Amino acid sequence: MIVEELLPQLIRQDIHLCRALSVEKRVAIAVYFLADKGFYVTIATIFGVGKSTASRAIIQVVIAMELMLLKKTVYLGDYRKVIAGFETKGFPQVIEAVDGCHCNLISPVYQSSQFIKRKQRYPMLLQGTCDHSGRFIDLVTGWARSNYDSFVFRSSPVYDTLRAGAYVPRKPTVTIFGRQVGPLLLADVAYPIKPWVMTPFKSVLRPCQAVYNKHLNRHLPQRAYNFSPKEDYMVTLRHVGDAKLPPWAGEVETDM
């Protein structure tokens, strides 16, 4: 249960003038905010707390999730199962697939011109790598939209460890057409071509190359970014004790 996992980081003591907000309620506030992309005022009204209280609760829970949950949920796992999973999809010796997305954020106080986009949005790049099942095994963020996916990739630990041959324990290899091939990574055309990176053909010359491109794009992490936040929120919220359910609690739409 998420509350039990975060309890050591979020437990607070009551003081003489104020009773501490329960861990369950703080988690519910944060999960609602992350799922619905709402405003502090709206969330404060729904949960019956002050705007500043809601803001503090969200920040506390997000930091606790990074400290307590990130390493338990985003990791490689058994590399043998991952490689076998990709092989059943037609990609032998692949250990992960990489892609990026844009995360809109509030304008930074400094250097906002690096982040600004059309419609006055301020997107930040997030790079995610997934295994054969679509589960995230690595996440990197912090770069403005003005940078390219290839730059973020080259700046990430995944790039350095794969290039050094240290990403997978003991660097397993297989023989393909007479050549020893180590762990590979799937990527789209925005990423550089490397001996350990498989990208689509940029100029399709033969039907088999078109089939390869279509099959590769089907297994990139883009689908992992397309989830239903409200549905996930309701599943999580039902495990948190004293949270006040929003009006749409019984009518969650799965098609966002």
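The values are calculated or read from the model by the stated rules, or taken from the named source; none is laboratory data. Everything numeric here is computed off the predicted structure, so don't read it as measured data. Cβ: placed from backbone, ideal geometry, glycine included. Neighbour counts: every protein chain shown.
Structure summary
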{"item": "Test set (1) surrounded by fewer than 14 Cβ atoms within 10 Å (Cβ to Cβ); (2) modelled with pLDDT of 80 or more; (3) within 22 Å of Ser150 (Cβ to Cβ) - Arg223 fails condition number", "result": "(2)"}
{"item": "Pairs where the first residue, in segment 46-73, is in contact (Cβ under 8 Å) with a residue 40 or more places away in the chain and the second is among the β-branched types (Val, Ile, Thr), C-beta under 6 Å, 6+ apart", "result": "Phe47/Ile29; Val61/Val27"}
{"item": "Selection from segment 133-160 of residues that are free of Cβ contacts under 8 Å to residues at least 60 places away in the same chain and within 19 Å of Pro183 (Cβ to Cβ)", "result": "Ser133, Val140, Phe153, Arg154, Ser156, Pro157, Tyr159, Asp160"}
{"item": "Segment 80-105 residues that are on the phi < 0 side of the Ramachandran plot, paired with ones that are of a type in the set (Phe, Trp, Tyr) (beta carbon under 6 Å, 6 or more apart)", "result": "Val94/Phe86; Cys101/Tyr225; Leu105/Tyr122"}
{"item": "Hey, Ile43 outside the structural domain of Cys130 (by TED's automatic domain parsing), closer than 25 Å to Cys103 by Cα and without any contact (Cβ under 8 Å) to a residue 40 or more places away in the chain or not", "result": "yes"}
{"item": "Residues within segment 43-94 that are under 18 Å from Phe136 (Cα atoms), among the β-branched types (Val, Ile, Thr) and not in a helix (DSSP H, G or I), tallied", "result": "2"}
{"item": "So Val27, is it surrounded by 14 or more Cβ atoms within 10 Å (Cβ to Cβ) and outside any loop (DSSP other than H, G, I, E, B)", "result": "yes"}
{"item": "Among (1) touching a helix residue (DSSP H, G or I) at 6+ places or on another chain (Cβ under 6 Å); (2) exposed (fewer than 14 other Cβ atoms within 10 Å of the Cβ) - the single one Lys71 does not satisfy", "result": "(1)"}
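Every residue, every condition in (1) within 15 Å of the chain's Cα centre (by Cα); (2) modelled with pLDDT of 90 or more; (3) exposed (fewer than 15 other Cβ atoms within 10 Å of the Cβ), yes or no:
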| residue | (1), (2), (3) |
| --- | --- |
| Tyr79 | no, yes, no |
| Val82 | no, yes, no |
| Thr88 | no, yes, yes |
| Phe115 | no, no, no |
| Tyr122 | no, no, no |
| Gln127 | yes, yes, no |
| Ile137 | yes, yes, no |
| Val140 | yes, no, no |
| Tyr159 | no, yes, no |
